[in-house]
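Participant: Sharing a structure here in structure tokens format.
Every read-out reported here was derived from the displayed coordinates using simple, explicitly stated rules and does not represent laboratory data. Given the structure is predicted, the values throughout are model-derived calculations rather than measurements. In this analysis, Cβ positions are derived from the backbone assuming ideal geometry, glycine residues included, and neighbour counts consider all displayed protein chains.
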């Protein structure tokens, strides 16, 4: 057994011992989030941007708007794509190179939560039906990893989208040229879905696992809900399993915590639901 495995075993025993006494390693309650800080408008060259600190996890999201062709099967809708970069300086486990499984999963879970909720009205991002639409790039940069990247990224992505200003583009039918105007308009955001992530450690389920808890968890589940309580995404990660009653518990708590996160988000960007 390696030193790392020994240390992991010791940490797991300590965390399980604390959980039996209804305590967590950082003193939080089972349903408590770490401190959250949200800042927007930090990247001048982006149409929208947001930085989120969740405990010691830090994520930066930039929104870039371009013009391109719609998907052939969705000619009357704009395009949205999410990319994640795990900056090597953020964690000793992150390496330079193409996205690994963690980056791909993070991008997919966050993207699905936003897309399936209809958070952005893509039908309003059409310039020429079937030919030209606005393309939204959600670029995620993980700056510091101390657990629960999904929730931090989901918060940052929605904060960035809510503050995005799109440059107005007109199409000249005579010349076939696109003219980029100085005028801008807000991205048509209609819903605010936010993910809430749970870790199962032994028989205990905790909200917003930090890195120590993630390193010893048996399983993970993320539930994304919007302001109506609609579930737009659910993702189970790691091994292990959740009983039906545990999933139902997670759904109930996710709706409650999502509402709290949404209130914090809207206050941070100076908006209202």
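Participant: At 7 Å along Cα-to-Cβ for each site, give me the label-to-label distance between residue 87 and residue 183 in nm.
Facilitator: So the label points at residue 87 and residue 183 sit 3.7 nm apart.
Participant: Relative contact order for the chain using alpha-carbon pairs under 8 Å, separation at least 6, rounded to a whole percent?
Facilitator: Values: 561 pairs, mean separation 53.1, N = 273.
Answer for the chain is 19 percent.
Participant: Testing the spin-label approximation: label points 7 Å from Cα along Cα→Cβ at residue 44 and residue 128. State their distance in nm.
Facilitator: 3.4
Participant: Would you kindly compute the Cα radius of gyration of region 39-134 and its largest Cα-Cα separation (Dmax), both in Å?
Facilitator: Spelled out, the Cα radius of gyration and Dmax of region 39-134 are 15.7, 47 Å.
Participant: Full extension from residue 116 to residue 260: what is 0.36 nm times the residue separation minus their Cα-Cα distance, to one decimal in nm? Numbers along the way, then the final one.
Facilitator: Working: separation 144, 0.36 × 144 = 51.84 nm, distance 2.11 nm.
Length difference between fully extended and current span is 49.7 nm.
Participant: Can you compute log10 of I(q)/I(0) for the chain with the Debye formula, treating each Cα as one identical point scatterer, at q = 0.09, 0.12, 0.13, 0.15 Å⁻¹?
Facilitator: Each listed q maps to, in turn, -0.45, -0.75, -0.86, -1.10.
Participant: Another one. FRET efficiency for residue 218 and residue 174, Cβ-Cβ distance as r, R0 = 51 Å, nearest 0.05? It would help to have the intermediate numbers written out before the result.
Facilitator: Numbers: r = 64 Å, r/R0 = 1.26.
For R0 = 51 Å, the calculated efficiency reads 0.20.
Participant: Mind pulling the angle between the C-alpha long axis of helix 101-116 and the longest principal axis of the chain? Nearest 10 degrees, somewhere in 0 to 90.
Facilitator: Roughly 60 degrees, rounded to the nearest 10.
Participant: A follow-up question, please. If you build a Gaussian network model of the chain, linking Cα atoms that sit under 10 Å apart, which residue out of 86, 125, 18 swings the most?
Facilitator: 18
Participant: If we count other beta carbons within 10 Å of each Cβ, what is the order of 80, 11, fewest first? Can you show the working numbers first?
Facilitator: Numbers: 80 19, 11 15.
With the sparsest Cβ surroundings first, the list reads 11, 80.
Participant: Let me ask something else about it. Please give the contour-minus-distance gain from residue 74 to residue 247: 0.36 nm per residue of separation, less the Cα-Cα distance, rounded to one decimal in nm. All intermediate terms of the calculation are to be shown ahead of the outcome.
Facilitator: Details: separation 173, 0.36 × 173 = 62.28 nm, distance 3.37 nm.
Here the segment from residue 74 to residue 247 would lengthen by 58.9 nm.
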